[in-house]
Every structure is written in structure tokens, then in C-alpha cells.
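> Shown below is the structure under consideration.
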Amino acid sequence: MSFAPYSAAEFRRRAEKQTLTLGDESWRDHGDSLLNPGVIEHIEGMKLRDAAVLIPVVDDGDDARVIFTQRTATLRKHSGQIAFPGGGVDEEDADVETAAMREAEEEISLDRRFVEPVGRLPHYKALSGFSITPVLAVVQPGFELIPNPAEVETVFDVPLSFLMDPRNHERGSGVWLGSERHYYRMPYEGHNIWGITAGIVRVIYERLYA
């Protein structure tokens, strides 16, 4: 059976297929790690806290849409930035899927009854001190999103076809901790998707669509 290339059904098929070959250390071979190979040794020496983010792909016909949040300006880390719903993995969480869905409920009231986890990406090792597991998920229509004002300024979505087009993957650089760091950025309708979030989107492209 064949599906439209950017439908939620095709996203699910590709996510399930790539997860079967996922290696624990494959984070070195994707996305931001390829842009900043000199950082890998430094990250390997850090003690990282486990975290999870949900990649919510809404089943919306032939072109699925991906939900993003913009964090409030008052948060201590990554304030004002575009992000996927997510956060630290708690001891009470059965697995990273549970953590990602819990955080999505807390941040934007995305009821987990509409959410179907379909795979994981390699860990994203962040210099900010987290080992992030991106949880790929298909979301069925019918949900209502209500941003938690303590954490989320606004919620928006982006067509999967836009995100998976490498022509929209711009590159930028800046100085962080005294060294130049390179990153991806994907501007969309006034939203500047960059940093960790854009790095995760790039890994989705490299593993599922490249």
C-alpha cells in the first residue's frame, strides 16, 4: 500500500521502519553533530539529564502538520524559543513516550487519547545538559489545544512537506561558550525555528525522508 509522501500514514510507516535499525550511539551521525563535530567529545564527558519531546504530526490529509510551541519569555532555559512539547523524564514516567505525552498535556493540553507514538529518533545530546529522546507521534484530529501560560506563549503548526524540504533548512552560526557553533534554522511565517528544535527536525529529514 502506498500513501501520499507527507501524509501521517506515510510518516508512521517511515518512523516504524527506521526505528528498527536505531542504534544508541547514532546521535553522532546526524543533524547538529555533523555541523559541530568538535563538540561531540565535550558532550560525551558531560553528565546529562534524561528528557523527552513529542513530535506531534497531525493526521490532516495528504500534507500532515507538525505542532510547535513558543516558550514564554520568563522561563529560565530556552525562553522565547520555538520548541516541541517536552521536558525532563520523571521517575514516575514508565518510559520516554509517557514522559513526552505527559509534558504535552501539561504544556498545551494535548489529550493523549488522540496521540499514537510511532517511533523514536536517536538521542539529541544538548550542551545545555540534557539527553533528549524525540518521540515521533501521529495525532488524530478532534483535540483542543490550550497553552499553559506559565510555559507556552503560543502554539502553531507547520506543514510536514515544508519541514522535510531541505531547501528550507538554512544554516546559521554564533558564538557560545567562547566557540563558534553552527545550527539549522527554518523560518516559517514569522516563526524562527532554530537551535535544538531545528536540529531535531533535520534528523527527522535525514532518517525518514532524505
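> Assuming VAL139 fulfils every condition listed in (1) modelled with pLDDT of 95 or more; (2) closer than 18 Å to GLY87 by Cα; (3) buried (at least 23 other Cβ atoms within 10 Å of the Cβ) apart from one, which condition is it?
(2)
> If you take the residues of the stretch 167-210 that are part of a helix (DSSP H, G or I) and either among the basic types (Lys, Arg) or in contact with a Leu (Cβ under 8 Å, 6 or more places away or on another chain) (or both), which of them is farthest from ASP29 (Cα to Cα)? Walk me through it before giving the result.
Initially, the stretch 167-210 is screened for residues part of a helix (DSSP H, G or I), giving 167-168, 195-209.
Checking which are either among the basic types (Lys, Arg) or in contact with a Leu (Cβ under 8 Å, 6 or more places away or on another chain) (or both) leaves us with 167, 200-205, 207.
On the way: ARG167: 21, ILE200: 13, VAL201: 14, ARG202: 12, VAL203: 9, ILE204: 13, TYR205: 13, ARG207: 10 Å.
Looking at residues that are part of a helix (DSSP H, G or I) and either among the basic types (Lys, Arg) or in contact with a Leu (Cβ under 8 Å, 6 or more places away or on another chain) (or both), I get ARG167.
> Sticking with this structure for a sec: Among the numbered criteria (1) surrounded by fewer than 17 Cβ atoms within 10 Å (Cβ to Cβ); (2) touching a residue at least 60 places away in the same chain (Cβ under 8 Å); (3) out of contact with any helix residue (DSSP H, G or I) (no Cβ under 6 Å at 6 or more places or on another chain); (4) farther than 19 Å from VAL53 by Cα, which single criterion is violated by ARG181?
(1)
> Looking at PRO117 and the list (1) touching a strand residue (DSSP E or B) at 6+ places or on another chain (Cβ under 6 Å); (2) at pLDDT below 95, which single condition is not satisfied?
The failed condition is (2).
> Let me ask something else about it. Can you confirm whether ASP50 is of a type in the set (Asp, Glu), in a strand (DSSP E or B) and surrounded by 14 or more Cβ atoms within 10 Å (Cβ to Cβ)? Spell out the reasoning first.
Working: of a type in the set (Asp, Glu): yes; in a strand (DSSP E or B): yes; surrounded by 14 or more Cβ atoms within 10 Å (Cβ to Cβ): yes.
Here the answer is yes, as ASP50 does meet what is asked.
> Moving on. With the condition kept exactly as written, say whether any residue in the stretch 167-182 is of a type in the set (A, V, I, L, M, F, W, C) and at pLDDT 95 or above. Spell out the reasoning first.
Applying the first criterion (of a type in the set (A, V, I, L, M, F, W, C)) to the stretch 167-182 yields 175-177.
Then drop every residue that is not at pLDDT 95 or above, which leaves none.
For the stretch 167-182, residues of a type in the set (A, V, I, L, M, F, W, C) and at pLDDT 95 or above: absent.
> Considering every residue within the stretch 120-132, establish whether at least one is modelled with pLDDT under 95, among the polar types (S, T, N, Q), in a strand (DSSP E or B) and under 25 Å from GLN18 (Cβ atoms).
yes
The values are calculated or read from the model by the stated rules, or taken from the named source; none is laboratory data. In this text the structure is predicted, and so the values were computed from the model without any measurement. When we count neighbours, we look across all protein chains shown, and the Cβ atoms used for this are built from the backbone with ideal geometry, even at glycine.
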